[in-house]
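The values are calculated or read from the model by the stated rules, or taken from the named source; none is laboratory data. Predicted model only: the values in this text are computed from it and were never measured. Positions of Cβ are backbone-derived with ideal geometry, glycine not excepted, and every protein chain shown enters the neighbour counts.
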Amino acid sequence: MPAVIKPWPAWHEFTEETKIYTQDPDFARIKQEVVSQYGKEAICESWLKTCRALEAVTEDIAAKEGDFIPVFEASYVINQGFTESETRRIKEIGCLIVHQVISEDEAGYQYEKLQEYISNNQEHIRGWPLENPSMLRLYDSPTQIAIRTHPNHLQLQRKLNELWHDTSGETNSEPLLYSDGIRDRKPRSPFLGLGPHIDAGSLCRWGDTTYRKAYHHIFSGNPELHDTFDLGARKDADQFLFSGAAHSRVFRSFQGWTALTSAAPRAGSIMLFPHVQMAIAYILLRPFFKPPESTEDLMDASKWKFDPDSAWFPGTFKDQSQYLSRSSHPHLRLEECLIPSPSMRPGDSVWWHTDMIHAVDTEHLGEENASVVFIAACPTSPVNKGYVKLQLQASLAGRPPPDYELGAGNLNETAFIGYTGFEGLRTEAKAALGFDLPM
Ligand SMILES: [Fe+2]
């Protein structure tokens with residue numbers, strides 16, 4: 001049985017152009033820039049190829065059971081790495097599960113410590129959504145620091161960074177740590193805030209010339225040549241060209257979280273679109289085409305009209321992540337292809353490529369809190385070094401990480417009851433936190 005999400009959650013559908021696009025000249029200007037650079041012919045060629053390729057991809061996803069996402073044991077990955085065929089599969093799918101990065105007992109202990117930290121400092125912790133906060137703006141709790149810097153975790157981050165390649169000599173796979181928040185979601189708390197989306201910016205993918213260069217083959221008529229693991233141009237892309245609380249400045253080779261409690265489909269977990277190359281090609285090409293008049297022709301890509309003049313980028317808002325919906329992005333067949341990640345135990349982790357479509361489960365029908373620490377894999381690169389340095393300075397000065405200043409307000413965890421900072425960490429952990437970077 002295909003992994004169909006039914007009923008489809010009441011996520012926003014991006015059905016029509018709104019005035020934000022025509023009022024802000026950047027949208028039309030950026031579209032014109034891309035058209036002038038690559039030309040109608042190449043963009044149309046790519047559109048047809050991408051939609052054709054997506055047919056096979058989405059058939060494949062829709063036809064398979066829930067075991068579509070590769071699953072590994074952390075000890076295996078750390079000790080042996082990935083075989084060639086595993087690497088091929090991970091690169092195609094773009095996401096994976098890694099069991100027991102920390103042990104179940106350790107995860108349980110860390111969750112208890114976290115709950116104590118939260119309850120001791122409740123009045124100073126912000127979260128969202130405001131009416132029923134589950135995403136907590138906490139970055140340096142002893143639990144987060146212990147898991148981020150755990151030797152297994154750092155080893156695994158290194159292995160994931162190694163999947164990317166770059167010949168510039170300016171990057172390497174040594175992990176740098178990105179401070180992100182926590183989710184602690186109570187059972188039966190609905191959440192519609194994070195429908196299908198990709199992070200790492202929105203309009204900047206088209207607007208920043210370096211970011212655009214990372215997708216050169218997609219705009220040039222050759223989406224099949226797009227290498228989703230090429231760090232060459234991507235390492236310098238400006239994900240924060242248009243600032244916003246949703247955007248990270250740091251480059252994450254894989255976003256990820258590590259479970260502190262059990263996770264399961266329909267229990268506050270994550271959903272993923274397990275293919276990355278053609279999905280990102282489709283997202284990037286979609287604004288250049290207008291759907292056919294007849295809904296019967298909707299899935300026939302050749303009936304879509306090249307549309308260089310409208311200012312509409314469906315699901316694109318400068319300060320938010322790039323959103324997708326069934327009606328605006330029909331060829332993704334999101335209803336059939338956005339699949340729940342498999343059940344996980346405390347200490348297990350899920351990882352998804354920086355361009356991967358994902359969504360947070362709208363339901364939580366489980367019996368206990370669904371709690372995770374967001375921990376990504378970030379390679380060493382000039383941009384990442386610059387950010388991690390600022391992040392460390394902020395932490396030491398009792399400020400939130402730079403990417404979270406907008407949402408976290410005057411958060412000062414150094415004054416929290418139970419704050420232990422970076423005391424007693426190993427050399428490797430301190431390097432990943434940026435202590436060796438010139439300040
Ligand atoms: Fe996200």
Quick check on segment 305-318. Is at least one of its residues hydrophobic (A, V, I, L, M, F, W, C), surrounded by fewer than 17 Cβ atoms within 10 Å (Cβ to Cβ), more than 16 Å from the chain's Cα centre (by Cα) and away from the ligand (no atom under 16 Å from the Cβ)? yes
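Within segment 228-256, how many residues are away from the ligand (no atom under 16 Å from the Cβ) and modelled with pLDDT of 95 or more? Steps first, answer last, please.
First, the residues of segment 228-256 that are away from the ligand (no atom under 16 Å from the Cβ): 228-238, 241-243.
Checking the rest, the ones that are also modelled with pLDDT of 95 or more come to 228-238.
Number satisfying all stated conditions: 11.
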Can you go through 202, 220, 168 and tell me which one is polar (S, T, N, Q), under 26 Å from residue 38 (Cα atoms), out of contact with any Asp or Glu (no Cβ under 7 Å at 6 or more places or on another chain) and within 16 Å of the ligand (Cβ to nearest atom)? 202
Here is a check on your reading of the model: is residue 119 surrounded by fewer than 20 Cβ atoms within 10 Å (Cβ to Cβ), assigned to a helix (DSSP H, G or I) and either in contact with a strand residue (DSSP E or B) (Cβ under 6 Å, 6 or more places away or on another chain) or in contact (Cβ under 8 Å) with a residue 24 or more places away in the chain (or both)? no
Is it the case that segment 174-191 has a residue that's within 16 Å of the ligand (Cβ to nearest atom), of a type in the set (Phe, Trp, Tyr) and at pLDDT 95 or above? yes
Which condition number does residue 250 fail, the rest of (1) crowded, with 23+ Cβ neighbours inside 10 Å; (2) not in a loop (DSSP other than H, G, I, E, B) being met? (2)
Name the pairs: first residue in segment 197-209 and closer than 15 Å to residue 354 by Cα, second residue of a type in the set (Lys, Arg) and within 16 Å of the ligand (Cβ to nearest atom), Cβ to Cβ under 9 Å, at least 6 apart or on different chains? 198/205; 199/252; 200/252
Within the set of pairs 6+ apart or on separate chains, which have a first residue in segment 349-377 that is hydroxyl-bearing (Ser, Thr, Tyr), a second that is within 16 Å of the ligand (Cβ to nearest atom) and modelled with pLDDT of 95 or more, and C-beta atoms under 6 Å apart? 349/256; 349/258; 354/200; 354/252
Output the residues belonging to segment 179-206 that are under 17 Å from residue 238 (Cα atoms), assigned to a loop (DSSP other than H, G, I, E, B) and not hydrophobic (A, V, I, L, M, F, W, C). 199, 201, 202
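Residues checked against (1) buried (at least 21 other Cβ atoms within 10 Å of the Cβ); (2) over 18 Å from residue 382 (Cα atoms); (3) touching a strand residue (DSSP E or B) at 6+ places or on another chain (Cβ under 6 Å); (4) not β-branched (Val, Ile, Thr):
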| site | (1), (2), (3), (4) |
| --- | --- |
| 194 | no, yes, yes, yes |
| 201 | yes, yes, no, yes |
| 212 | yes, yes, no, yes |
| 226 | yes, yes, no, yes |
| 231 | yes, no, no, yes |
| 238 | no, no, no, yes |
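Being buried (at least 23 other Cβ atoms within 10 Å of the Cβ), at pLDDT 95 or above and within 16 Å of the ligand (Cβ to nearest atom) is true for just one of 259, 263, 279. Which residue is that?
Values: 259 fails: within 16 Å of the ligand (Cβ to nearest atom); 263 fails: at pLDDT 95 or above.
Answer to the selection: 279.
Output the residue which, of all residues in segment 361-372 that are surrounded by 23 or more Cβ atoms within 10 Å (Cβ to Cβ) and of a type in the set (A, V, I, L, M, F, W, C), is farthest from the ligand (Cβ to nearest atom). Please lay out each step first, then the result.
To start, the set of residues in segment 361-372 that are surrounded by 23 or more Cβ atoms within 10 Å (Cβ to Cβ) comprises 361, 364, 370-372.
Subset that is of a type in the set (A, V, I, L, M, F, W, C): 370, 372.
Details: 370: 16, 372: 12 Å.
Looking at the filtered set, the residue picked out is 370.
In this structure, does residue 300 turn out to be of a type in the set (D, E, K, R), surrounded by fewer than 17 Cβ atoms within 10 Å (Cβ to Cβ) and either within 16 Å of the ligand (Cβ to nearest atom) or modelled with pLDDT under 95 (or both)? Walk me through it before giving the result.
Numbers: of a type in the set (D, E, K, R): yes; surrounded by fewer than 17 Cβ atoms within 10 Å (Cβ to Cβ): yes; either within 16 Å of the ligand (Cβ to nearest atom) or modelled with pLDDT under 95 (or both): no.
It is false that residue 300 is of a type in the set (D, E, K, R), surrounded by fewer than 17 Cβ atoms within 10 Å (Cβ to Cβ) and either within 16 Å of the ligand (Cβ to nearest atom) or modelled with pLDDT under 95 (or both).
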Across (1) touching a Lys or Arg at 6+ places or on another chain (Cβ under 6 Å); (2) crowded, with 22+ Cβ neighbours inside 10 Å, residue 134 clears everything bar (2)
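Tally the residues that are more than 16 Å from the ligand (Cβ to nearest atom) and surrounded by fewer than 24 Cβ atoms within 10 Å (Cβ to Cβ), restricting the search to segment 348-360.
Start the filter on segment 348-360 by keeping residues that are more than 16 Å from the ligand (Cβ to nearest atom), which leaves 348.
Going one step further and asking which of them are surrounded by fewer than 24 Cβ atoms within 10 Å (Cβ to Cβ), we end up with none.
Counting residues in segment 348-360 that are more than 16 Å from the ligand (Cβ to nearest atom) and surrounded by fewer than 24 Cβ atoms within 10 Å (Cβ to Cβ) gives 0.
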Run down 327, 269 and say which single residue is within 16 Å of the ligand (Cβ to nearest atom) and either of a type outside the set (Val, Ile, Thr) or under 26 Å from residue 217 (Cβ atoms) (or both). 269
Is it the case, given these coordinates, that residue 119 is of a type in the set (Ser, Thr, Tyr), over 16 Å from residue 256 (Cα atoms) and within 16 Å of the ligand (Cβ to nearest atom)? no
